[in-house]
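All of the numbers you see were taken from the coordinates with simple rules; none came from a lab. Note that the structure is a prediction, hence the values are computed from the model and not measured. Glycine gets a Cβ as well: all are built from the backbone with ideal geometry, and neighbour counts include every protein chain shown.
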Amino acid sequence: MYKKAPTLSRRALMKAICATAAALHIAPQELFAAGRNKITRAIPATGETLAVMGLGTSRTFDIDIDELGQSQLYEVMQAFFDNGGQLIDSSPMYGNAETIIGELLGTAKNSGGLFSATKVWSYGKAAGIEQMQRSMDRMGVQVMDLMQIHNLRDWQVHIKTLRDWKEQGKIRYTGITTSHGRYHGELEKILKTVPLDFVQLSYNIDNRIAEERLLPIAEDKGIATLINRPFQRGSLFRLVKGKPLPDWTAEFDCASWGQYFLKFVASHPTVTCIIPATTKIKHLLDNMAAGFGRLPDAKMRQRMIRHLQSL
């Protein structure tokens, strides 16, 4: 039986929000202004809109249930929803993450509408069905908004099940994912020939390979995109450590290096939703702030690239 960890009071959460906002030079009311200047994108298949800033759970949510009360994940989840977040992405590959999500969703107040996303990561039809049902049970959702085939694993088999489940109303959207460049060739062929609602891939200011083929194909085929590794697993922060943020970033409402990297990704017109992962409330608030205000235009994007290359 799971132990229920204590939840953070609204007063304590607001105190943490205000302290973090002060450190980031962001007004707390701006952080909580859900819907006001919030950046959203439409899912091509239906026109349904999503907040451009989502939440990933790889590595960060893989903890034991007994550790949950000592973590900041209750605060992270609540602040995510308070700041207009919707899409939470997971996978059975992420250890205990789906179970932790289910626990957190049981206590979080969510007025913006959860968009649940996970993956199937197994071989064989029966194993895939069993795994997907287990994921839904762990996350506590009756209908999974998005079910994705993780890293193309046994995709020819799972795509049939996903189509059946979509027709039955068990899932709303189908997708496929990769975080490895070596799969790009095969993924291109799949996107061109197999009807899908979403594709998840890696894309950031220092790894723009997806711009060459994958993003154009997604745009042409009307496939929504989820972006993982927007910080290149932290290497982008190491690159700018100790470097001042340029004054001109204020032109697109950017107040930190994290927002610099996220707003670059969000400014690509084919990007639907970005899923940075974190365990810290400070980082979550910074990430969510990138989903509000102005974005860099094409000229500014090139300036951002050149500046990063000059460091």
On each of the three principal axes of the Cα atoms of the range 100-237, give max minus min coordinate, whole Å, ordered largest first. 39, 36, 25
Under the 0.36 nm per residue contour assumption, what length would be gained going from the current alpha-carbon distance of LEU245 and LEU311 to full extension? 22.6 nm
Any idea how far the Cα center of the range 65-104 sits from the one of the range 220-253, in Å? 23 Å
Please list, ordered by chain and number, the residues whose modelled amide H lies under 5 Å from the amide H of THR272; skip anything fewer than 5 residues away on the same chain. THR225
What are the residues whose amide H is under 5 Å from the amide H of ILE149, where those residues sit 5 or more places off or on another chain and H is modelled from the backbone? VAL120, GLY175, ILE176, THR177
Straight-line reach from LYS282: which lysines have Cα under 21 Å away, leaving out those fewer than 8 places along the same chain? LYS15, LYS38, LYS109, LYS241, LYS243, LYS263
May I ask you to list the aspartates and glutamates whose Cα is less than 19 Å away from that of LYS166, ignoring any residue fewer than eight positions away on the same chain? GLU48, ASP89, GLU130, ASP137, ASP145, ASP154, ASP197
Working out 0.36 nm times the residue gap between THR49 and ARG208, then minus their Cα-Cα distance, what length gain in nm do you get to one decimal? 54.8 nm
Given Cα pairs under 8 Å that are at least 6 residues apart, what percent is the relative contact order of the range 10-310? 21 percent
How big is the equivalent ellipsoid of the range 64-156 along its three axes, where each semi-axis is √(5λ) from the Cα gyration tensor, reported in whole Å from largest to smallest? 25, 15, 11
Above-threshold pairs, the threshold being 20 Å between Cα atoms, out of LYS125/LYS170; LYS170/LYS221; LYS125/LYS160: LYS170/LYS221
Could you pull the Cα extents of the range 202-311 along its three principal axes, largest to smallest, in whole Å? 41, 32, 26
Computed log₁₀ I(q)/I(0) - Debye formula, equal Cα scatterers, no solvent, the chain, q 0.12, 0.13, 0.14 Å⁻¹: -0.79, -0.93, -1.08
Would you calculate, for the chain, the mean residue ellipticity at 222 nm contributed by helices, counting each DSSP H stretch of 4 or more residues as -39,500 (n - 2.57) and dividing by all residues, to the nearest 500? -11500 deg cm²/dmol
Hey, can you grab everything whose amide H is under 5 Å from the amide H of PHE115? Only 5+ residues off in sequence or another chain; H modelled, so Pro and N-termini drop out. LEU87, ILE88
As a footprinting exposure proxy, order HIS283, HIS150 by other Cβ within 10 Å, with the fewest listed first. HIS283, HIS150
Charge context of PRO92, other residues only, Cβ under 12 angstrom, K/R +1, D/E -1: 0
How would you order 232-241, 207-216, 172-181 from highest to lowest mean count of nearby Cβ atoms within 10 Å? 172-181, 207-216, 232-241
Using only the Cα atoms of the range 134-206, what do you get for the radius of gyration and for Dmax, in Å? 13.1, 41
